[in-house]
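What follows is a single structure, written as structure tokens, with notes after it.
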Amino acid sequence: MTVNETFDERKRRELDAADRQREENVRLQRERQYSTFFTYLVRIFQQGNTPSTEARVRAGLSVWASKELLALFEQWLEMIQPIKDRGGKIFPAERSQLQLLVGTMAVQVREDLGIWGEASPTAEDVAAALFDDFKRRAN
């Protein structure tokens, strides 16, 4: 406490510092969960995931994901259900849609983590970076 700092000012400064630390801890936990989530999503296109991996990812998202990301994940689950029902066969049109949705979720994650701006990649940019066979839409 400085000479000119009142007890209330010091208390407020300490509380603000604690709030900032808590926010940073939440951001770091979300970052870890989101990294696991995207590893899971990309693996679906490569070799698949185990039920335990899916359960762990879902549990992490239920705790740490934003409302917006959960809505996108729900959309993802609706899109993949027919694919699961037919034994995992993904038609080309579905593949592009799913890949673009992964890109959209990545953009949302960047926004959730506070790393979004004018120079940020688009959903298509992210999908193209993640998937060699992603077809960009014609402009």
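The values are calculated or read from the model by the stated rules, or taken from the named source; none is laboratory data. What you see is a predicted model; the values in this text were computed from it and never measured. Neighbour counts are summed over all protein chains in view; Cβ atoms, including those assigned to glycine, are modelled from backbone coordinates with ideal geometry.
Here is how the numbers come out for the structure above:
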{"item": "Members of the range 15-64 found to be of a type in the set (A, V, I, L, M) and closer than 21 Å to LEU130 by Cα, listed by number", "result": "LEU41, VAL42, ILE44, VAL57, LEU61"}
{"item": "Residue in the range 48-66 that is assigned to a helix (DSSP H, G or I), of a type in the set (A, V, I, L, M, F, W, C), under 27 Å from GLN81 (Cα atoms) and touching a Lys or Arg at 6+ places or on another chain (Cβ under 8 Å) present", "result": "yes"}
{"item": "Some residue of the range 102-123 being among the polar types (S, T, N, Q), without any contact (Cβ under 8 Å) to a residue 60 or more places away in the chain and assigned to a helix (DSSP H, G or I)", "result": "yes"}
{"item": "Meets criteria (modelled with pLDDT under 80, surrounded by 13 or more Cβ atoms within 10 Å (Cβ to Cβ) and not basic (Lys, Arg)) for PHE38", "result": "yes"}
{"item": "Leading residue by the ranking (surrounded by the fewest Cβ atoms within 10 Å (Cβ to Cβ)) among those in the range 48-82 that are over 14 Å from the mean Cα position of the chain (by Cα) and within 20 Å of VAL107 (Cβ to Cβ)", "result": "GLU78"}
{"item": "Candidate set from the range 66-83 (those that are at pLDDT below 90 and hydrophobic (A, V, I, L, M, F, W, C)); member that is nearest to GLN97 (Cα to Cα)", "result": "ILE80"}
{"item": "Complete set of residues in the range 84-112 that are farther than 21 Å from ASP132 by Cβ and modelled with pLDDT of 85 or more", "result": "ASP85, ARG86, GLN108, VAL109, ARG110, GLU111, ASP112"}
{"item": "The range 12-31 residues that are farther than 27 Å from ARG56 by Cβ and in contact (Cβ under 8 Å) with a residue 12 or more places away in the chain, paired with ones that are acidic (Asp, Glu) and in a helix (DSSP H, G or I) (beta carbon under 7 Å, 6 or more apart)", "result": "none"}
{"item": "Sole exception among (1) closer than 30 Å to GLU24 by Cα; (2) crowded, with 18+ Cβ neighbours inside 10 Å; (3) of a type in the set (S, T, N, Q) for SER96, by number", "result": "(1)"}
{"item": "Boolean, PHE45 is at pLDDT below 85 and surrounded by 12 or more Cβ atoms within 10 Å (Cβ to Cβ)", "result": "yes"}
